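**Student:** Structure incoming, see below.
A short reminder: the numbers here are calculations on the coordinates, not readings from a lab. Remember, it's a predicted structure, so these values are computed and weren't measured experimentally. Glycine gets a Cβ as well: all are built from the backbone with ideal geometry, and neighbour counts include every protein chain shown.
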Amino acid sequence: MAIEKTLLLIKPDAAKRKLTGLIIDRLENSGFELVGAKLVRVTEELAREHYSALKDQPFFENLIKYIRGEFHGIKNNKILALVYKGENVISEMRKIVGKTNPEEADPDTIRGSFGRITTKGQFENVIHASGNKEDAEKEVKLWFKEEEIIE
Ligand code: IDP
Ligand code: MG
């Protein structure tokens, strides 16, 4: 199995609720190598490109607002972006992250522990993790310059 890289984003709900450290603790305990980390200003353009596959979903416009921190009062639309590397890291991180719907996520996953659905029906699932090899390659390139990955 080839060595892969995957993109993780600590979403604005997690940042607002001071869950960043707890979430990184879970990621770090995976044993995978951290090869990229930075705060990113999530422009409208970056958000739309990142979630372009979902552009026809009814929740798309709210998703763009969510990832840009507009529901959580995040100044400058900033988000913490991480890249982890290792064998099967994409699917292994997805297991640690848990299902998209935080109500369905297993309680010992990150989303199962910290995610919620608001009374307005917005998913607040605290973290993004690339879904598959194709997405991971696209996303790592979209969020990081080559020289920002230290490997
Ligand atoms: P993923 O984040 O588990 O890969 P995707 O289907 O790629 O899930 O969706 C991206 C993001 O869009 C989710 O993490 C979540 O924030 C949001 N989302 C997905 N499905 C729904 C939904 O049914 N209602 C509201 N938000 C959703
Ligand atoms: Mg996805």
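**Student:** Could you give me the ³J(HN,Hα) list for the stretch 101-110, computed from phi with Karplus coefficients 6.51, -1.76, 1.60 and θ = phi - 60°, whole Hz, x at Gly and Pro?
**Tutor:** 7, x, 6, 9, 5, 4, x, 9, 9, 4
**Student:** Where a ≥ b ≥ c are the square roots of the eigenvalues of the C-alpha gyration tensor, would you call the stretch 65-151 rounded, which needs a/c under 1.5, or, failing that, prolate if a/b is larger than b/c, or oblate?
**Tutor:** oblate
**Student:** Spelling out what I want: for every residue of the stretch 26-42, take phi, set θ = phi - 60°, compute 6.51 cos²θ - 1.76 cosθ + 1.60 (Karplus), and round to whole Hz; glycine and proline get x.
**Tutor:** Each residue's phi maps through the Karplus curve to give 4, 5, 5, 5, 5, x, 6, 8, 7, 10, x, 7, 6, 7, 10, 7, 7 Hz.
**Student:** Report the residues of the stretch 116-151 in range of a label on LYS75: point 7 Å along Cα→C-beta, backbone N strictly under 15 Å from it.
**Tutor:** Under 15 Å, as judged by backbone N against the label point of LYS75, lies no residue of the stretch 116-151.
**Student:** What's the ranking of 132-145, 33-46 by average number of surrounding C-beta atoms within 10 Å, highest first?
**Tutor:** With the highest mean Cβ count within 10 Å placed first, the list reads 132-145, 33-46.
**Student:** Using Cα-Cα distances under 8 Å and only pairs 6 or more residues apart, what relative contact order does the chain have, in percent?
**Tutor:** Taking the mean separation of contacting Cα pairs over the length of the chain, I get 36 percent.
**Student:** Within the stretch 107-151, which residues have the backbone N less than 13 Å from the label spot 7 Å out from GLU49 along Cα→beta-carbon, could you tell me?
**Tutor:** What the label zone holds, given the 13 Å backbone N cut-off, is 138-146.
**Student:** Taking amide hydrogens as modeled 1.01 Å from N in the peptide plane, which residues meet the under 5 Å criterion relative to ILE127, leaving out close sequence neighbours?
**Tutor:** Residues meeting the criterion, in which the H sits 1.01 Å from N, are LYS11.
**Student:** Once a ≥ b ≥ c are taken as the square roots of the eigenvalues of the Cα gyration tensor of the stretch 1-81, is the result rounded (a/c under 1.5), prolate (a/b larger than b/c) or oblate (a/b not larger than b/c)?
**Tutor:** Working: a/c = 2.10, a/b = 1.35, b/c = 1.56.
Taking the square roots of the gyration eigenvalues as a ≥ b ≥ c, the stretch 1-81 is oblate.
**Student:** Using amide H atoms built in the peptide plane, which far-off residues or other-chain residues are under 5 Å from GLU33 H to H?
**Tutor:** Counting only residues 5 or more places away or on other chains, the set is LYS85.
**Student:** So which of LYS99/LYS120; LYS65/LYS95; LYS16/LYS133; LYS99/LYS141; LYS18/LYS133; LYS75/LYS95 end up more than 28 Å apart by C-alpha?
**Tutor:** LYS16/LYS133; LYS18/LYS133; LYS75/LYS95, as the Cα separations exceed 28 Å there.
**Student:** Which of the three applies to the stretch 1-137, rounded, prolate or oblate, going by the alpha-carbon gyration tensor with a ≥ b ≥ c and a/c under 1.5 meaning rounded?
**Tutor:** rounded
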